[in-house]
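Enquirer: First, the structure itself, so that you have it in front of you.
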Amino acid sequence: MKPWLGPEEVAAAGEAISSGWVAQGPRVAAFEESVTRKVGAQAGVAVSSCTTGLHLVLHALGIGSGDEVITPSLSFIASANAPLYVGATPVFADVDPITMNLTVDTIGPAITDRTRAVILVHQLGMPADIDPIRELCDANGIVLIEDAACAIGSTYQGKPIGGRSPYVVFSFHPRKVITTGEGGMIMTNEGAEPTRLRALRQHAMTVSAFDRHESDPADFESYPEMGFNFRMTDIQAAIGSVQLSKLDQMVQRRRRLAAQYRELLDGVTGVILPNDPVYGETNYQSFCIELEASFGLNRNDLIRHLHQRGIASRRGVMASHLESAFAGSSSGTLPVTERLTARTILLPLYHQMTDSDMGRVTEAVAEAAVTRV
Ligand SMILES: Cc1ncc(COP(=O)(O)O)c(C=O)c1O
C-alpha cells in the first residue's frame, strides 16, 4: 500500500498550520460533516484512530467487567483489544471462508447471557452481511458496532458502509483507502447520541477549547465524568477533507486494479481470488488471495519469492487468539480463521500502480505457482 497524497494535501495542511489553530477545531467539524454526508450517516465524531473510536463507543455504552463482546479473531488486534480496554471479555467467533467476516451462523453459538455487543469487522473492505446479523443482535438485546476500519467507500445493499448501524467506526491510517496520517471517525445513526461521544473524546469537558476561545473568557467548562484525549487535529482533518474528495476516484481505481489482477491470475493453479459478495461491493482496501495446497509454494515462501524480486507483499489477516496477548481467551474452535491466517497473502495494490507493476507481480505469482520446493 502507498497512500495517494499530493500537493492539495500539502496545501491544506499548510493552510491549517498558517491559521495558528492546529488542534481540534473548525476543520475537524467540517471533515465530520463531509464524511457524514458522503456515507449517509446521521453524525460523525472524529477521533485519533479507529482503535480509540471502538474504545470510546464501548465505554459510552457502559460495557465493562463481566460483559462479553463477540468479535472475530481474524482481524487486526485492535478489534479484540477494544473490549479489553473497558474490562470486558472478547469472545472470538469464526468467519465465513469467502468473505472472511462474521456471519449469523458463527455469531449465534458464541452468544451467552453476558453478550452485550458484537464488533462486526468488514475485513479488508469486504462488506459483511449486516442485516441478518442486526436481526440476530436485536433479538438478543445486543448492540451491533461495525468495525469499518478498512471499509470507507465499500457498499452494502447499494448504500455506502457507514449509515446502517448505530455505531460504525472508520480508520484513516495510511494502510486504509483514505488517510489523515493517524485518525478515525465514529459514525452514529438511528438516534445514537454523538454529543456525549464528542465530550468523552475531550476529557468529557462541557465546552471545547475552540468554543471557549470564541466565548466569554469567564465561562468555564466543567467535567461531569471521566473522559479521554482521543482528539483528531485540524491538520489531520484538513488532509482528510482533501482525501475524502478523492475517495470515489480511489475506489474506482482500486476496483479496476483488482479486476486486472483477477484477469491475469485467473487459471493460476492453487490461487483463490477475492470477489464482491452478492449484497455489496468491496473497496479493495487490500487484494487478498488464498493459497491452496496445490500452489507451488507455501504462503511464507511466496512472500520471500516476491521479496527476492523486489515486490513487497504482506501476510493476510492475523488471528488474535494465536497471539500471547490473548492466550487462554474464550473461544471455541476457529478452523476457518486458522486456515485463512496461515494461507492468505496481500498483493501490492495502490493508486499509482502501473500495468508494468501489475505484470511483474502476476508473473512472479504465476512462476511460484509451478515451483516445487
Ligand atoms: C479491522 C481493523 N480494525 C481496527 C483497526 C485499527 O485502526 P487504527 O489504526 O485507526 O486504530 C484496523 C487497522 O488496521 C483494522 O484493520
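Enquirer: Among the residues of segment 94-106, is there at least one that is β-branched (Val, Ile, Thr) and either within 13 Å of the ligand (Cβ to nearest atom) or under 14 Å from the mean Cα position of the chain (by Cα) (or both)?
Expert: If we filter segment 94-106 for residues that are β-branched (Val, Ile, Thr), which is where we start, we get 95, 98-99, 103-104, 106.
Now narrow it down to the ones that are either within 13 Å of the ligand (Cβ to nearest atom) or under 14 Å from the mean Cα position of the chain (by Cα) (or both): 95.
Yes: one or more hits.
Enquirer: Okay, next question. Scan segment 317-339 for residues that are assigned to a loop (DSSP other than H, G, I, E, B) and either hydroxyl-bearing (Ser, Thr, Tyr) or without any contact (Cβ under 8 Å) to a residue 60 or more places away in the chain (or both) and report the count. Explain how you work it out, then say what you get.
Expert: So the first thing to find is which residues in segment 317-339 are assigned to a loop (DSSP other than H, G, I, E, B), and the list is 317-318, 323, 327-330, 332-334.
Remaining after also requiring either hydroxyl-bearing (Ser, Thr, Tyr) or without any contact (Cβ under 8 Å) to a residue 60 or more places away in the chain (or both): 327-330, 333.
Total meeting the criteria: 5.
Enquirer: Looking at (1) surrounded by fewer than 20 Cβ atoms within 10 Å (Cβ to Cβ); (2) within 16 Å of the ligand (Cβ to nearest atom), can you tell me which one ILE111 breaks?
Expert: (2)
Enquirer: Looking at VAL169, VAL143 in this structure, which one is surrounded by 19 or more Cβ atoms within 10 Å (Cβ to Cβ), hydrophobic (A, V, I, L, M, F, W, C), closer than 22 Å to GLN236 by Cα and not assigned by TED's automatic domain parsing to the domain that holds TYR279? Walk me through it before giving the result.
Expert: Working: VAL143 fails: closer than 22 Å to GLN236 by Cα.
Exactly one of VAL169, VAL143 is surrounded by 19 or more Cβ atoms within 10 Å (Cβ to Cβ), hydrophobic (A, V, I, L, M, F, W, C), closer than 22 Å to GLN236 by Cα and not assigned by TED's automatic domain parsing to the domain that holds TYR279, namely VAL169.
Enquirer: Still on this structure, I have one more. Identify the single condition in (1) assigned to a helix (DSSP H, G or I); (2) under 21 Å from THR179 (Cα atoms) that ASP147 does not satisfy, given that it satisfies every other one.
Expert: Condition not satisfied by ASP147: (1).
Enquirer: A further question on this structure: Hey, can you tell me all the residues within segment 291-316 that are among the aliphatic types (A, V, I, L, M) and either outside any loop (DSSP other than H, G, I, E, B) or over 17 Å from THR341 (Cα atoms) (or both)?
Expert: First pass over segment 291-316, keeping only residues among the aliphatic types (A, V, I, L, M): 291, 293, 297, 302-303, 306, 311-312.
The answer is LEU291, LEU302, ILE303, LEU306, ILE311, ALA312.
Enquirer: Considering only residues that are among the aliphatic types (A, V, I, L, M) and in contact with a helix residue (DSSP H, G or I) (Cβ under 7 Å, 6 or more places away or on another chain), look in segment 118-138 and name the one that is nearest to the ligand (Cβ to nearest atom). Quick ask: steps written out before the conclusion?
Expert: Residues of segment 118-138 that are among the aliphatic types (A, V, I, L, M), as a first pass: 118-121, 124, 126, 128, 130, 133, 136.
In the following step, the residues that additionally are in contact with a helix residue (DSSP H, G or I) (Cβ under 7 Å, 6 or more places away or on another chain) were identified as 118-121, 133, 136.
Details: VAL118: 14, ILE119: 8, LEU120: 10, VAL121: 5, ILE133: 16, LEU136: 20 Å.
Within segment 118-138, the match that is nearest to the ligand (Cβ to nearest atom) is VAL121.
Enquirer: Please determine, by comparing only the residues of segment 196-210 that are assigned to a helix (DSSP H, G or I) and either of a type in the set (Lys, Arg) or at pLDDT below 85 (or both), which one is nearest to THR52 (Cα to Cα). Step through it out loud before you land on a result.
Expert: Within segment 196-210, the subset assigned to a helix (DSSP H, G or I) is 196-200, 209-210.
Then keep just the ones that are either of a type in the set (Lys, Arg) or at pLDDT below 85 (or both); that gives 196, 198, 209-210.
Working: ARG196: 15, ARG198: 13, ALA209: 20, PHE210: 21 Å.
Ranking the candidates gives ARG198 first.
Enquirer: Report those helices (runs of 4 or more DSSP H) wholly inside segment 1-93 carrying at least 2 residues which are more than 16 Å from the ligand (Cβ to nearest atom) and touching a residue at least 60 places away in the same chain (Cβ under 8 Å).
Expert: Details: elements: 7-19, 26-39, 50-60, 78-85.
In segment 1-93, the matching helices (runs of 4 or more DSSP H) lie at 7-19, 26-39.
Enquirer: Considering only segment 117-138, how many residues are over 19 Å from HIS55 (Cβ atoms) and not in a loop (DSSP other than H, G, I, E, B)?
Expert: 12
Enquirer: Within segment 283-290, is there a residue that is in a loop (DSSP other than H, G, I, E, B), touching a strand residue (DSSP E or B) at 6+ places or on another chain (Cβ under 9 Å) and surrounded by 14 or more Cβ atoms within 10 Å (Cβ to Cβ)?
Expert: The answer is yes; a qualifying residue exists.
Enquirer: Let me ask something additional. Only one residue in GLY153, GLY141 is more than 21 Å from ARG315 (Cβ to Cβ), part of a loop (DSSP other than H, G, I, E, B), touching a helix residue (DSSP H, G or I) at 6+ places or on another chain (Cβ under 6 Å) and away from the ligand (no atom under 12 Å from the Cβ), so which one is that?
Expert: GLY153
Listed here are the residues, each with its yes/no results for (1) buried (at least 22 other Cβ atoms within 10 Å of the Cβ); (2) more than 13 Å from the ligand (Cβ to nearest atom); (3) of a type in the set (Asp, Glu).
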| site | (1), (2), (3) |
| --- | --- |
| ALA149 | yes, no, no |
| ILE161 | yes, no, no |
| ARG175 | no, no, no |
| GLU182 | no, no, yes |
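Enquirer: Here is a further query. Does ASP234 satisfy the criteria of being among the acidic types (Asp, Glu), more than 16 Å from the ligand (Cβ to nearest atom) and free of Cβ contacts under 8 Å to residues at least 60 places away in the same chain?
Expert: Numbers: among the acidic types (Asp, Glu): yes; more than 16 Å from the ligand (Cβ to nearest atom): yes; free of Cβ contacts under 8 Å to residues at least 60 places away in the same chain: no.
So ASP234 does not fit the description; no.
Enquirer: Can you confirm whether PRO97 is more than 19 Å from GLY44 (Cβ to Cβ) and not β-branched (Val, Ile, Thr)?
Expert: Yes; evaluated as a whole, the condition is true for this residue.
The values are calculated or read from the model by the stated rules, or taken from the named source; none is laboratory data. Remember, it's a predicted structure, so these values are computed and weren't measured experimentally. Cβ atoms come from the backbone with ideal geometry, glycine included; neighbour counts cover every protein chain shown.
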